[in-house]
Amino acid sequence: MLIMAIPNTTPTPNELFDTEMRKMSDSEFRVASIVVRATFGWVIDKKTGMRKEEDWISLSQMVKKSGKSPRAIKYAIQGCIENGWIEVRSKDGEILDTGEKRQQYGQRLFYRMGPVFLRDTDTSA
């Protein structure tokens, strides 16, 4: 069996493909994928292999990367939040779980993977 490192790749939770993808709309899958790439796709400590937990992503970046309309992305973000696939926060850490809360902060929103994907990552027990 050939085992090789693939450069320029993003580790993605298996659960995204194995169980959650079939529950997602196309736009929701694209939003979750963009968040995976913006976070887990970046090594912040080469020594430990630690990756970003969250990243600032603007609506215009989501639209450009996904090929979807702003309206479709806004609905997809809300669906991803409601299903626990992503979390959106302010720079101060306030959870922005509604469109109204996100609108108050404008373009300065921080995205991270949601509890569905992070619940089994604690290895300290």
Enumerated helices (runs of 4 or more DSSP H) restricted to the range 1-91, each holding at least 3 residues that are under 21 Å from Gln103 (Cα atoms) and open to solvent by 50 Å² or more (accessible area, probe 1.4 Å): 59-66, 70-82
Condition check for Glu28: of a type outside the set (A, V, I, L, M) and touching a strand residue (DSSP E or B) at 6+ places or on another chain (Cβ under 6 Å): no
Residue within the range 104-124 that is surrounded by fewer than 11 Cβ atoms within 10 Å (Cβ to Cβ), out of contact with any Phe, Trp or Tyr (no Cβ under 7 Å at 6 or more places or on another chain), closer than 29 Å to Pro7 by Cβ and not charged (D, E, K, R) present: yes
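Filter the range 42-86 down to residues that are in contact with a strand residue (DSSP E or B) (Cβ under 8 Å, 6 or more places away or on another chain) and farther than 20 Å from Arg119 by Cβ, then give me how many there are.
Filtering the range 42-86 for residues in contact with a strand residue (DSSP E or B) (Cβ under 8 Å, 6 or more places away or on another chain) gives 42-44, 49-57, 77, 80-81, 85-86.
Of the ones still in play, those that are also farther than 20 Å from Arg119 by Cβ are 42-44, 49, 55-57, 77.
Looking only at that region, the number is 8.
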Filter result (among the hydrophobic types (A, V, I, L, M, F, W, C), within 23 Å of Glu15 (Cβ to Cβ) and in contact with a helix residue (DSSP H, G or I) (Cβ under 7 Å, 6 or more places away or on another chain)) within the range 37-75: Ile57, Met62, Ile73
Check on Thr12, farther than 28 Å from Asp92 by Cβ and touching a residue at least 12 places away in the same chain (Cβ under 8 Å): yes
Which numbered condition Pro13 fails, given (1) at pLDDT below 95; (2) more than 13 Å from the chain's Cα centre (by Cα); (3) not acidic (Asp, Glu): (2)
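Of everything in the range 79-90 that's charged (D, E, K, R) and either touching a Pro at 6+ places or on another chain (Cβ under 6 Å) or touching a residue at least 24 places away in the same chain (Cβ under 8 Å) (or both), which residue is nearest to Pro13 (Cα to Cα)? If you could, list the steps in order and put the result at the bottom.
Pass one, the range 79-90, residues charged (D, E, K, R): 82, 87, 89.
Of the ones still in play, those that are also either touching a Pro at 6+ places or on another chain (Cβ under 6 Å) or touching a residue at least 24 places away in the same chain (Cβ under 8 Å) (or both) are 87, 89.
Working: Glu87: 15, Arg89: 21 Å.
Looking at the filtered set, the residue picked out is Glu87.
The values are calculated or read from the model by the stated rules, or taken from the named source; none is laboratory data. The model shown is predicted, which means the values in this text are computed figures rather than measured ones. We place every Cβ from the backbone using ideal geometry, glycine too, and count neighbours over all the protein chains shown. Note: accessible area is taken over every heavy atom of the protein model, side chains too, but ligands, DNA and RNA are not part of it. Shrake-Rupley method; radii C 1.70, N 1.55, O 1.52, S 1.80 Å.
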